[in-house]
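A.B. asks: Structure provided below as C-alpha cells; questions to follow.
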Amino acid sequence: MDRAKATSTNAFSGKVCAVTSAEDFDRWYADRATSPLADDLVRRTLGLPPGLESTSLLGGQGLDEVVPALRLAAGRVLLDLACGRGGYGLEIARRTGCRLVGVDFSAVVVDQARKASDGGDFRVGTLTATGLSTASVDAVLVVDSVQFAESKPDALRECLRVLRPGGRLVITCWQAAEPADERVWRRIRELDLARQLPEAGFADVEVVDRPEWREQEKRMWEEALATDAPGDPAMASMRKEARSVLETFDRKRRVLATATRPR
C-alpha cells in the first residue's frame, strides 16, 4: 500500500472517512497512545488479555483460534504484517516462543511497538513491500488490514514470497455479505479470499465466517458510542466511527482465512 494513499478511519473497521494519509494514521496512533480509556474499553469488550495494545478488532476468542492456526513453535519466525502497536504478535510470541518481526507503514506506531517490546524487531514497510527476504519467515499474520492494500493479489503474493515452503498464512478481515452492495466500502468488496488465495499460489485454503466475533465487535461499538469523553481525541474518533459502522453493520461478514505455501 502506498503510504500517501492510505485511507481509513483508523485501523479498526476499514471504513472510509477522515484519515487519508500516513501522516493522519501517525496522528491517530499518537492520540491512541494517550487514551487509556480507549484501550480499556477495547480490551474489556473484546475479551483481550491484560496489557495487550490492540488497534484492530480481533478479540480474545479469535486470538485463541489464530494461535494454533499459525502452527508456530519456539524459535520459528512470525511476521505480524500491518502490526500496529504489535500487541497481537507480542502475545503470540509469548504463548509460542516464536521470534517476532512486525511490519507497519506508520513510523509512529513502529516506534511505539519497539518501545513496548523493549527494542523488538519492528520495521516500516507495507502490505505489498515488506522489505523482508524471500522465504524468511515461518508464518504470516494479517489482522484486519488486508483491505488497505491497493492490490489484494500483490499483497497475497508478498505474503507467499516471504513464507518458507510449508509456512502458514492467517488473515482476519471482513468481506461484503453481498459483493455487489455498493454501500460496503470498495476495498472490502474487493476481497474474495476463497478465490484470491489459490490464485496467489496458496494451498490448503480455508475461509470461514466467524459471526460470534461480530457480536463482540457490535458490543464494543455500542459502548464506544455511549461513552462521553470530552477532550479525548481517540474516543472522539471511536465514537465517530461507531456511528458509521453500526449503520451498515450487517452488510459485512467476519472472516478467518488460513492457507499454506506449498512445499
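The values are calculated or read from the model by the stated rules, or taken from the named source; none is laboratory data. Everything numeric here is computed off the predicted structure, so don't read it as measured data. We place every Cβ from the backbone using ideal geometry, glycine too, and count neighbours over all the protein chains shown. Heads up: the accessible areas ignore ligands, DNA and RNA and are worked out on the full protein's heavy atoms, side chains in. Shrake-Rupley method; radii C 1.70, N 1.55, O 1.52, S 1.80 Å.
A.B. asks: Count, please, the residues in the stretch 100-135 that happen to be closer than 17 Å to residue 155 by Cβ, over 16 Å from the mean Cα position of the chain (by Cα) and among the hydroxyl-bearing types (Ser, Thr, Tyr).
C.D. replies: So the count comes out to 1.
Rundown of residues vs (1) open to solvent by 10 Å² or more (accessible area, probe 1.4 Å); (2) hydroxyl-bearing (Ser, Thr, Tyr); (3) farther than 19 Å from residue 70 by Cα, yes/no style:
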{"position": "126", "(1), (2), (3)": "yes, yes, yes"}
{"position": "129", "(1), (2), (3)": "yes, no, yes"}
{"position": "137", "(1), (2), (3)": "no, no, no"}
{"position": "140", "(1), (2), (3)": "no, no, no"}
{"position": "153", "(1), (2), (3)": "yes, no, yes"}
{"position": "156", "(1), (2), (3)": "no, no, no"}
{"position": "159", "(1), (2), (3)": "no, no, no"}
{"position": "164", "(1), (2), (3)": "yes, no, no"}
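A.B. asks: Considering the stretch 64-90 alone, what residues qualify as being in a strand (DSSP E or B) and surrounded by fewer than 24 Cβ atoms within 10 Å (Cβ to Cβ)? Walk me through it before giving the result.
C.D. replies: Quick first cut of the stretch 64-90, residues in a strand (DSSP E or B) only: 77-81.
77 - this is the single residue of the stretch 64-90 that is in a strand (DSSP E or B) and surrounded by fewer than 24 Cβ atoms within 10 Å (Cβ to Cβ).
A.B. asks: Just to be sure before I move on: is residue 32 modelled with pLDDT of 50 or more and open to solvent by 10 Å² or more (accessible area, probe 1.4 Å) in the structure I sent?
C.D. replies: On the way: modelled with pLDDT of 50 or more: yes; open to solvent by 10 Å² or more (accessible area, probe 1.4 Å): no.
No; evaluated as a whole, the condition is false for this residue.
A.B. asks: Checking residue 238 against (1) within 18 Å of the chain's Cα centre (by Cα); (2) at pLDDT 95 or above: exactly one of these is not met. Which one?
C.D. replies: Checking residue 238 against (1) within 18 Å of the chain's Cα centre (by Cα); (2) at pLDDT 95 or above, the one that fails is (2).
A.B. asks: Scan 89, 60, 84, 75 and give me the residue that is at pLDDT below 95 and not β-branched (Val, Ile, Thr).
C.D. replies: On the way: 89 fails: at pLDDT below 95; 60 fails: at pLDDT below 95; 75 fails: at pLDDT below 95.
Being at pLDDT below 95 and not β-branched (Val, Ile, Thr) holds for just one of 89, 60, 84, 75, which is 84.
A.B. asks: While we're on this one: List the residue pairs whose Cβ atoms are under 6 Å apart, where the first residue sits in the stretch 91-102 and is open to solvent by less than 10 Å² (accessible area, probe 1.4 Å), the second is aromatic (Phe, Trp, Tyr), and the two are 6 or more positions apart or on different chains.
C.D. replies: Pairs that qualify, where the first residue is open to solvent by less than 10 Å² (accessible area, probe 1.4 Å) and the partner is aromatic (Phe, Trp, Tyr), are 102/122.
A.B. asks: Residue 146: more than 10 Å from residue 83 (Cβ to Cβ), open to solvent by less than 30 Å² (accessible area, probe 1.4 Å) and over 16 Å from the mean Cα position of the chain (by Cα), yes or no? Give the steps one after another, and end with the answer.
C.D. replies: On the way: more than 10 Å from residue 83 (Cβ to Cβ): yes; open to solvent by less than 30 Å² (accessible area, probe 1.4 Å): yes; over 16 Å from the mean Cα position of the chain (by Cα): no.
So residue 146 fails the test.
A.B. asks: If you scan the stretch 191-231, which residues turn out to be among the β-branched types (Val, Ile, Thr) and modelled with pLDDT under 95? Spell out how you get there, then give the answer.
C.D. replies: Of all residues in the stretch 191-231, those among the β-branched types (Val, Ile, Thr) come to 205, 207-208, 227.
227, the sole residue that qualifies.
A.B. asks: All but one of (1) among the hydrophobic types (A, V, I, L, M, F, W, C); (2) modelled with pLDDT under 95; (3) assigned to a helix (DSSP H, G or I); (4) out of contact with any Ser or Thr (no Cβ under 6 Å at 6 or more places or on another chain) hold for residue 42, so report the exception by its number.
C.D. replies: In the conditions (1) among the hydrophobic types (A, V, I, L, M, F, W, C); (2) modelled with pLDDT under 95; (3) assigned to a helix (DSSP H, G or I); (4) out of contact with any Ser or Thr (no Cβ under 6 Å at 6 or more places or on another chain), residue 42 misses (4) alone.
A.B. asks: Same structure again: Determine whether the stretch 189-207 contains at least one residue that is open to solvent by 70 Å² or more (accessible area, probe 1.4 Å), part of a loop (DSSP other than H, G, I, E, B) and touching a residue at least 40 places away in the same chain (Cβ under 8 Å).
C.D. replies: No, the stretch 189-207 contains no residue that is open to solvent by 70 Å² or more (accessible area, probe 1.4 Å), part of a loop (DSSP other than H, G, I, E, B) and touching a residue at least 40 places away in the same chain (Cβ under 8 Å).
A.B. asks: Could you list, in sequence order, the residues of the stretch 209-247 that are touching a residue at least 24 places away in the same chain (Cβ under 8 Å), surrounded by fewer than 16 Cβ atoms within 10 Å (Cβ to Cβ) and part of a loop (DSSP other than H, G, I, E, B)?
C.D. replies: Matches in the stretch 209-247: 227 only.
A.B. asks: OK, next. Looking only at the stretch 61-108, count every residue that is in contact with a Phe, Trp or Tyr (Cβ under 7 Å, 6 or more places away or on another chain) and more than 23 Å from residue 216 (Cβ to Cβ) and tell me the total.
C.D. replies: Qualifying residue count, the stretch 61-108: 3.
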